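First the structure, in the form of C-alpha cells, and then the observations on it.
The values are calculated or read from the model by the stated rules, or taken from the named source; none is laboratory data. All of these numbers come straight from a predicted model, not from anything done at the bench. Note: ideal-geometry Cβ built from the backbone for every residue, glycine included; neighbour counts use all protein chains shown.
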Amino acid sequence: MSISTNLSIINFTPYDWTQIGTSNTAGLTEWTFPKSLASGQAYGAEIVVNKPAQAHAQWAFTWADDTNPVANLILAVSGSSYSIDAALDEYSTENNPKGSVVNIPLASEAWSPFILVGNESNLAGNDPPTDWMAQNLPYIGCLTLQDMVIPGSHDAGMSEINYPREGTAANSQTQTLNITGQLQAGIRYFDIRPTISHGQFYTGHYTDELGANGESIADIISDINRFTAKGNKELIILELSHTLDTDSGYQAFSDSQYSSLLSQFRTGTKNLYTGDGADVLTKLPLSDFISNSPAVVIVCDERNTSWLASNGFQNKGFYSSSQFPVYNNYADTTDLATMQKDQYTKLVAQTKTPDNAAQLFLLSWTFTQNVIDAVGLGGDTLRQSATYFNGFLAQVGGSVPYTGPITWVAQKSGLPNIILIDNVPTNNRFLTVMAIGLTRFYGTQC
C-alpha cells in the first residue's frame with residue numbers, strides 16, 4: 001500500500017544541521033528533505049511512497065563534521081506500516097543511548113515530529129523517559145507553569161463505557177488509554193468530569209442527559225498511586241469540572257456530594273501537594289512541586305477558596321480555579337482548519353491582553369461531534385476524528401499562520417501552556433516530545 005505523509009524535522013538545538021551523504025531513494029516519488037536546517041527552525045519533509053516493496057530512503061545530518069552523522073533518519077516499511085528509524089549515531093538522548101534506534105510511526109496524510117532539543121551533553125528527543133519532568137528538572141525546574149508546555153487529556157476518564165444513557169463508544173468514549181496509560185504516555189494535565197452513577201463516583205461525558213460514564217474515581221486514584229509508587233516524581237494535575245448526579249435529576253453536585261468526592265480523593269490519593277493554601281500555583285516554579293517527591297494537584301472549578309477552607313480541604317491538596325486560572329475556550333467545530341484558526345486567534349489575543357495575568361493558556365486541539373455523528377448516522381467516531389486532528393498537531397510550514405503550535409511559538413504568537421487532545425496515542429508520545437522541546441528551547445535557561 002502506498003502512502004503520502006510528512007515528517008516535521010524540528011531543530012531545537014543551538015547547532016545548525018547539515019545533510020551529509022546522499023538519500024539513496026528508491027520506490028518514492030517524494031522525499032523532500034532539507035540540505036540544511038538552522039537552529040530554531042523546522043522543516044516539513046514530504047514523503048510519498050509509490051512502490052512499497054522497493055522503498056528505501058535516508059537522511060543523515062551532522063553539526064560536528066562532514067563524515068560522522070549525528071543521526072540518520074531511515075525509512076522503514078513493514079507490510080502496510082511505515083515509520084522512520086532514527087539512528088542515533090553520535091550522541092545519546094534522554095532514555096536512548098548512543099547507537100540506539102528510535103522508531104517514529106508515520107500515518108497517511110499526517111505529520112509526525114522528529115525533534116532534538118538541548119546541547120551535546122543533555123540532548124532530549126523522541127521516545128522521552130516516562131518521568132520526563134523529573135529527568136528534565138535541571139533544565140526546566142526554574143520555570144513556572146506559565147513558562148511551560150504541558151500535555152493534557154480531554155475528558156480523560158472516558159476510556160471505557162459504564163452505565164450508558166444512549167452513550168456509546170462512538171459518541172462518548174474520548175480516550176483509548178486509561179489514566180495509567182495516559183500517565184505513561186506523558187500526559188500531566190487531566191480534564192476530569194465527575195459523575196454519580198449507581199451510588200458511586202465515576203467520570204462522565206454527557207450532553208444534557210445523554211451520554212455515558214467512564215472510569216470510576218476509585219480506579220483513577222489507584223492509577224495515579226501506582227504510577228507515583230514506581231518512583232515517577234512528576235507533577236500531576238486533575239481539574240474537576242462538569243459534575244453531574246445521574247442518579248437524581250442530572251444536576252451538578254450538591255455541597256455534601258462535592259465534599260464526599262473530595263474526601264475520597266483526600267483519603268485515597270498519595271502525594272497530594274499541600275503547599276500554602278493561598279498560593280497561585282501557576283506562578284510557582286516546577287521545582288517547588290517535585291524536587292523531592294511526586295505532586296498531585298486537584299483543581300476544583302465548582303468551589304471557591306473560601307468553601308475549600310471552611311470545609312477542611314485547604315492545605316490538603318485542593319485548590320480553586322482562582323489559584324489555578326486557565327483560559328480554556330474550545331472551537332466547537334468538526335472542521336480542522338476552523339479549529340486551528342480559532343485557537344491561533346485566541347492564543348494571539350490572550351498573549352497580548354490576557355484575561356488574567358496568572359492564567360495558563362489551554363490549547364484545545366479537539367473535535368466536537370455534530371448531531372448526525374453523535375446519533376450514529378455519520379462516519380467517524382470521536383476517537384477516529386481525534387486521531388485525524390492529532391495527526392496535524394506537529395504540522396509546520398504552510399501558507400497560513402495557524403497551522404500548529406510549533407509554528408505559532410516560532411512566530412512569537414504565544415506559548416500554549418496546556419495542549420489538550422482526545423485519544424492520546426497508544427504507540428507514539430509525540431505530544432510529550434513536543435512539550436519538552438517547546439519548553440526547553442523557548443523557556444528561560446535554568
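If only residues of region 174-232 that are assigned to a helix (DSSP H, G or I) and hydroxyl-bearing (Ser, Thr, Tyr) are counted, the one that is nearest to PHE324 (Cα to Cα) is THR228.
Listed residues ASN329, ASN311; which is under 24 Å from SER364 (Cβ atoms) and touching a Ser or Thr at 6+ places or on another chain (Cβ under 8 Å)? Outline the logic, then answer.
Numbers: ASN311 fails: under 24 Å from SER364 (Cβ atoms).
Answer to the selection: ASN329.
Figure legend. Inter-residue proximity from region 171-187: first residues under 15 Å from LYS233 (Cα atoms), second residues part of a loop (DSSP other than H, G, I, E, B) and of a type in the set (Asp, Glu), beta-carbon distance below 8 Å, spacing 6+ or different chains. Indicated pairs: LEU183/GLU234.
Exactly one of (1) part of a loop (DSSP other than H, G, I, E, B); (2) in contact with a strand residue (DSSP E or B) (Cβ under 7 Å, 6 or more places away or on another chain) is unmet by ILE47. Its number? For ILE47, the failing item is (1). The sole residue among THR144, THR174, THR130 that is farther than 20 Å from ASN428 by Cβ, in contact with a helix residue (DSSP H, G or I) (Cβ under 7 Å, 6 or more places away or on another chain), among the polar types (S, T, N, Q) and at pLDDT 95 or above is THR144.
What's the total number of residues in region 401-420 that are part of a loop (DSSP other than H, G, I, E, B) and touching a residue at least 40 places away in the same chain (Cβ under 8 Å)? Of the residues in that region, 9 qualify.
Yes/no matrix, rows are residues, columns are (1) at pLDDT below 95; (2) among the polar types (S, T, N, Q):
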site	(1), (2)
ASN11	no, yes
TYR15	no, no
THR22	yes, yes
ALA26	yes, no
TRP31	no, no
ALA38	no, no
GLN41	no, yes
VAL48	no, no
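If you go through region 421-446 and keep only what is closer than 20 Å to VAL102 by Cβ and outside any helix (DSSP H, G or I), you end up with VAL424, PRO425, THR426, ASN427, ASN428, ARG429.
Might you let me know whether region 224-234 holds any residue that is over 21 Å from GLN135 (Cβ atoms), assigned by TED's automatic domain parsing to the domain that holds SER197, surrounded by 15 or more Cβ atoms within 10 Å (Cβ to Cβ) and among the aliphatic types (A, V, I, L, M)? Within region 224-234 (the criterion being over 21 Å from GLN135 (Cβ atoms), assigned by TED's automatic domain parsing to the domain that holds SER197, surrounded by 15 or more Cβ atoms within 10 Å (Cβ to Cβ) and among the aliphatic types (A, V, I, L, M)), the answer is no, since none of the residues qualifies.
In region 19-30, what residues are surrounded by 16 or more Cβ atoms within 10 Å (Cβ to Cβ) and closer than 17 Å to ALA71 by Cα? Answer for region 19-30, where residues must be surrounded by 16 or more Cβ atoms within 10 Å (Cβ to Cβ) and closer than 17 Å to ALA71 by Cα: GLN19, ILE20, SER23.
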